[in-house]
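Structure record follows, encoded as structure tokens.
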Amino acid sequence: MRTRWAALTAATATILVATACGGDDGSGGDGASGNEPGYYLSLGDSLTVGVQPDDNGTLQETRDGYTDVLYRNLYDTDSTLQHERMGCGGEDTTSFLRGGNGQCEDEYGGASQMEAAEDFLDEHGDRVELVTLTIGGNNFTGCVDDLDIEEGDGPTVDVDCVEDGLERIGTELPEITERLSAAAGEDTRIVAMTYYNPFLAALLLEDEEEAEEGSGDEESPEGKATDEELPEGDGEVEGELPGDEDVVEYATGVLEEMNESMRETYAADGIDVADVADLFDSSDFDVPENSETGMPANVQAICDWTWMCDTAVGPDIHTNKAGAQEIAGAFEDQLR
């Protein structure tokens, strides 16, 4: 075994250290004193490459993604560690496996991200100490139209598109994890993540609409519109939500189903999970007693850690710098 991840003392508990524990790395000494670097390989979608809106609201890659934060923290204690940053904006499970994402045409020399990752792992073997994976959220790209909090326009959902996205997660994510596990070295750690629910921000629209209507109706316990406030319908129409289900309720159910599917897939291949859904309190609709905003815990997390509530450059689903730091911390917790 070339390396192992270990926790430092309580005073430095937020930093990880890779320590050599025997084995010949070809340098004539132990791994810590050799010249060969270790690698951190990050894989996935736009969260992996720190996509954020600029001052004009235009999306661009940054060096402020969670993978960059995580790498800087790891580098502080192991300056030989190198970051192979292999993510690409817009990647979903299908394009990750097969290619075809127009944004990634030049990223992997004509290969898919999966193939590029396998090549890297094959070439560097146990020198790859850590792999992180963020994939699946873009399976729903195009299923939801734009949410404009400033204009008061809520999102609409294409249910058929969502069902297709869930099905592809169920069939394609296991292939991704199996191939990564097979390609990784014996001592390589693989950590993946679940997703937060950015569409919880739509609750802010419901609150604004209720205030404007001045109906005085009692709020539901979860801070969502009551059944009486929802539009009436004749039942489910193909490709649309049924009339008795609002977007937030539906999105919450979809995210829970997706994340549970991911947890089961990762567990089956021995991959650790940074549970970002739990970090963002995604299922907690209660308003904390010490809240200064009156927002439910899950909505507050979305507003604090993403651009969904920023009407100047958003709304945008990606994490801001604070959110990236929080997610990096969730990965570090797994590495301890």
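Side notes on the structure shown:
- Here Cys88, Cys143, Cys161 are placed in order of increasing Cβ neighbour count within 10 Å, fewest first, which gives Cys161, Cys143, Cys88.
- Computed lengthening from Thr58 to Glu175, 0.36 nm per intervening residue step minus Cα-Cα distance: 38.7 nm
- Exposure proxy ranking, count of Cβ atoms within 10 Å, fewest first, for Tyr108, Tyr266: Tyr108, Tyr266
- At R0 = 45 Å, FRET efficiency that the Cβ-Cβ distance of Asp119 and Asp286 yields, to 0.05: 0.40
- Backbone amide hydrogens, once placed in the peptide plane, bring Thr306 within less than 5 Å of Asn320, excluding anything fewer than 5 places away on its chain.
- Built amide H within the under 5 Å cut-off of Ile135, gap 5+: Met193
Where a number appears in this text, it was derived from the coordinates with a stated rule and is not lab data. Nothing here was measured: the structure is a model prediction, and the numbers come from that model. Methodologically, a virtual Cβ is constructed for each residue, glycine included, from the backbone with ideal geometry; neighbour enumeration extends over all protein chains shown.
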